[in-house]
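*Asks:* Dropping a structure here in structure tokens format, bear with me for questions.
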Amino acid sequence: MSSVIPHKNGWRAHVYVNDRRASKTFALKRQAQAWADAKTAEFVAQSGGKAISGQTLASALDRFATEVAPGRRGGDWEVVRIKAFEKHLPTLLRMDMLTPAIFAEWRDKRLATVKASSVLRETALLNTIFETARREWGWLESNPLKDVKMPSAPRHRERIVTGPELRAVLRWLRFGKAIGTDTQAVGACALLALFTGMRSGELTSLDWHQVQKDHIKLDKTKTDEPRNVPLTHGAAALLERLRGRHHTSVLDLDPRTRDVLFRRARLASGGSGFTFHDLRHTAATRFANSGRVSVLELCKIMGWRDPKFALVYFNPTISDLAAKMR
């Protein structure tokens, strides 16, 4: 029903079930075999109308990483996480042998080494894989995660980056008039996050055609909804200083480079307890404290579909609130 043979570009998988045939080339033999197993099961399931057992968790992980993840937002992270699952899950078990007890044990072991937020993200990915296997591939009759109790979501962060903390980071990054190196570009990225409230991914992927006179046009966002971000005078001036760094990209900065250098700068400058994303919290708090925007306007600026997020990201200190009450 299937075969995997050498090919000039790697390995060629052939699948033939009744009158249905399919083939595909892969760089690695194991990828070709996983695809062949998955496609065979799919054809058999479609012919017989029944869920197919016999496929392993490893086959499901490989198929999702090869066929589904590359087309999804955050697919690179999903592929990395899927590879890590091999260390913690019984990937050789057949899909029909997976039980809630297996994943309850996995949950407890993971919670002993990582935070609840990490377990929730990993569970969400596994749930997506299992639902895809159940609905589209016919590999499962029920999702083994359905009856597994997951940890409560952690409280939202309320960390604000102070002026002295950010200035210390910028000094370590050698941020000044010239913005030539990646290190200096990370400083510019941090300031733009503070001035605009934009996410790290939105900034590192920003191109010049998106920058208008008084705003930035974001076609792709975390919520998959476009939004326009107004520019303060500080943001507009900083963008002008970045012109000439790259012909299309505003920052010309890889997200991983941004992450590594910002973490290094924070540690080297003596800072702790805050992340790059906390600059978005700080920006929202600054916008709200300015008194120049309403709650609904703040939601528009930050791209929140639900006003309740204003309570998550707007983090005034109790002293600020006390001063307003006097």
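*Asks:* Of all residues in the stretch 56-73, how many are open to solvent by 50 Å² or more (accessible area, probe 1.4 Å) and touching a residue at least 40 places away in the same chain (Cβ under 8 Å)?
*Replies:* Residues meeting the conditions: 1.
*Asks:* Condition test on Arg286, is it touching a helix residue (DSSP H, G or I) at 6+ places or on another chain (Cβ under 7 Å) and closer than 24 Å to Lys217 by Cβ?
*Replies:* no
*Asks:* Sticking with this one: Does His209 satisfy the condition of being under 24 Å from Gly180 (Cβ atoms), open to solvent by 20 Å² or more (accessible area, probe 1.4 Å) and not in a helix (DSSP H, G or I)?
*Replies:* When the stated conditions are applied, His209 does not pass them.
Okay, residues lined up against (1) within 30 Å of Ile318 (Cα to Cα); (2) open to solvent by less than 40 Å² (accessible area, probe 1.4 Å); (3) of a type outside the set (Lys, Arg):
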residue	(1), (2), (3)
Leu125	no, yes, yes
Thr132	no, yes, yes
Trp139	no, yes, yes
Ser142	no, no, yes
Asp147	no, no, yes
Arg171	yes, no, no
Lys177	no, no, no
Gln184	no, yes, yes
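*Asks:* Take the conditions within 27 Å of Thr275 (Cβ to Cβ) and among the β-branched types (Val, Ile, Thr) and apply them to Thr113. Does it pass?
*Replies:* Considered against the rule, which asks whether it is within 27 Å of Thr275 (Cβ to Cβ) and among the β-branched types (Val, Ile, Thr), Thr113 comes out as yes.
*Asks:* With respect to Arg241, is the statement that it is open to solvent by 50 Å² or more (accessible area, probe 1.4 Å) and more than 21 Å from the chain's Cα centre (by Cα) true?
*Replies:* For Arg241, the condition - open to solvent by 50 Å² or more (accessible area, probe 1.4 Å) and more than 21 Å from the chain's Cα centre (by Cα) - is met.
*Asks:* Just for the stretch 251-296: of the residues that are closer than 19 Å to Leu173 by Cα and of a type in the set (Val, Ile, Thr), which one is surrounded by the fewest Cβ atoms within 10 Å (Cβ to Cβ)?
*Replies:* Val260
*Asks:* I'd like to know if the stretch 300-317 contains one or more residues that are touching a strand residue (DSSP E or B) at 6+ places or on another chain (Cβ under 7 Å) and surrounded by 18 or more Cβ atoms within 10 Å (Cβ to Cβ).
*Replies:* Scanning the stretch 300-317, I find at least one residue that is touching a strand residue (DSSP E or B) at 6+ places or on another chain (Cβ under 7 Å) and surrounded by 18 or more Cβ atoms within 10 Å (Cβ to Cβ), so the answer is yes.
Residue-wise test of (1) touching a Cys at 6+ places or on another chain (Cβ under 8 Å); (2) more than 25 Å from Gly74 (Cα to Cα); (3) part of a helix (DSSP H, G or I); (4) among the polar types (S, T, N, Q).
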| site | (1), (2), (3), (4) |
| --- | --- |
| Leu191 | no, no, yes, no |
| Leu203 | yes, no, yes, no |
| Gly244 | no, yes, no, no |
| Thr257 | no, no, yes, yes |
| Gly271 | no, yes, no, no |
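*Asks:* What single numbered condition from (1) over 23 Å from the mean Cα position of the chain (by Cα); (2) modelled with pLDDT under 95 fails to hold for Asp252?
*Replies:* Asp252 satisfies all of (1) over 23 Å from the mean Cα position of the chain (by Cα); (2) modelled with pLDDT under 95 except (1).
*Asks:* Which of the residues spanning the stretch 274-303 are modelled with pLDDT of 85 or more and assigned to a loop (DSSP other than H, G, I, E, B)?
*Replies:* Once the filter is applied, which keeps residues that are modelled with pLDDT of 85 or more and assigned to a loop (DSSP other than H, G, I, E, B), the stretch 274-303 yields Phe274, Thr275, Phe276, His277, Gly303.
*Asks:* In the stretch 213-238, what residues are assigned to a loop (DSSP other than H, G, I, E, B) and either under 23 Å from Val169 (Cβ atoms) or open to solvent by less than 70 Å² (accessible area, probe 1.4 Å) (or both)?
*Replies:* Thr221, Thr223, Leu231, Thr232 - these are the residues of the stretch 213-238 that are assigned to a loop (DSSP other than H, G, I, E, B) and either under 23 Å from Val169 (Cβ atoms) or open to solvent by less than 70 Å² (accessible area, probe 1.4 Å) (or both).
*Asks:* Still on this model: In the stretch 74-93, how many residues are exposed (fewer than 14 other Cβ atoms within 10 Å of the Cβ), under 13 Å from Ala60 (Cα atoms) and either among the hydrophobic types (A, V, I, L, M, F, W, C) or touching a strand residue (DSSP E or B) at 6+ places or on another chain (Cβ under 8 Å) (or both)?
*Replies:* The number of residues fulfilling the criteria is 1.
*Asks:* Give me the residue from the stretch 169-189 that is of a type outside the set (Gly, Ala, Ser), in a loop (DSSP other than H, G, I, E, B) and touching a residue at least 40 places away in the same chain (Cβ under 8 Å) and, out of that set, farthest from Gly244 (Cα to Cα).
*Replies:* Step by step, filter the stretch 169-189, then rank; the result is Leu173.
The values are calculated or read from the model by the stated rules, or taken from the named source; none is laboratory data. From a predicted model like this one, the values you see are computed outputs, not experimental measurements. Glycine also receives a Cβ, built like all others from the backbone with ideal geometry; neighbour counts cover every protein chain displayed. Quick note on the areas: whole protein, heavy atoms, side chains included, nothing else; ligands and nucleic acids left out. Shrake-Rupley method; radii C 1.70, N 1.55, O 1.52, S 1.80 Å.
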